[in-house]
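**Q** One structure follows; several queries about it will come next.
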């Protein structure tokens, strides 16, 4: 297909820049630009429709998969990689978004700060 197009100054500058930087001819730049634009529009139009042939097609025979998938994944990964054993880090086996329990009991509070007046400076004995 032969194309004759009128470009404004901005488009002409952009094509010239792309041609210079890439070392491609003007026709090659325009072909690549059309391909890029086509791919972008096509991706927006189709989205994930190509996966719809596979989504929901399997039948596990279980009705609770959606509500128990985390437990089932943990079981499978534990069997594959080994469950965390004794002495493992407190966060072992937790998902990235789950926080590890505090390493101290929840009922422990920090000691009261000592008032500055209660602290007496000590005098050092001078060496004679």
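The values are calculated or read from the model by the stated rules, or taken from the named source; none is laboratory data. What you are looking at is a predicted structure, and each value in this text was computed from that prediction instead of being measured. Cβ placement follows ideal geometry from the backbone for every residue including glycine, while neighbour counts extend to all protein chains displayed.
So that you can scan it fast, the table gives a plain yes or no per residue for (1) surrounded by 10 or more Cβ atoms within 10 Å (Cβ to Cβ); (2) modelled with pLDDT of 85 or more:
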residue	(1), (2)
6	no, yes
54	no, no
59	no, no
63	no, no
66	no, no
76	yes, no
90	yes, no
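**Q** Turning to a different aspect of this structure: Tell me yes or no: at least one residue of the stretch 26-44 is part of a loop (DSSP other than H, G, I, E, B) and either in contact with a strand residue (DSSP E or B) (Cβ under 9 Å, 6 or more places away or on another chain) or modelled with pLDDT under 95 (or both). Full working, then the answer.
**A** Looking only at the stretch 26-44, we keep the residues that are part of a loop (DSSP other than H, G, I, E, B), and these are none.
Scanning the stretch 26-44, I find no residue that is part of a loop (DSSP other than H, G, I, E, B) and either in contact with a strand residue (DSSP E or B) (Cβ under 9 Å, 6 or more places away or on another chain) or modelled with pLDDT under 95 (or both), so the answer is no.
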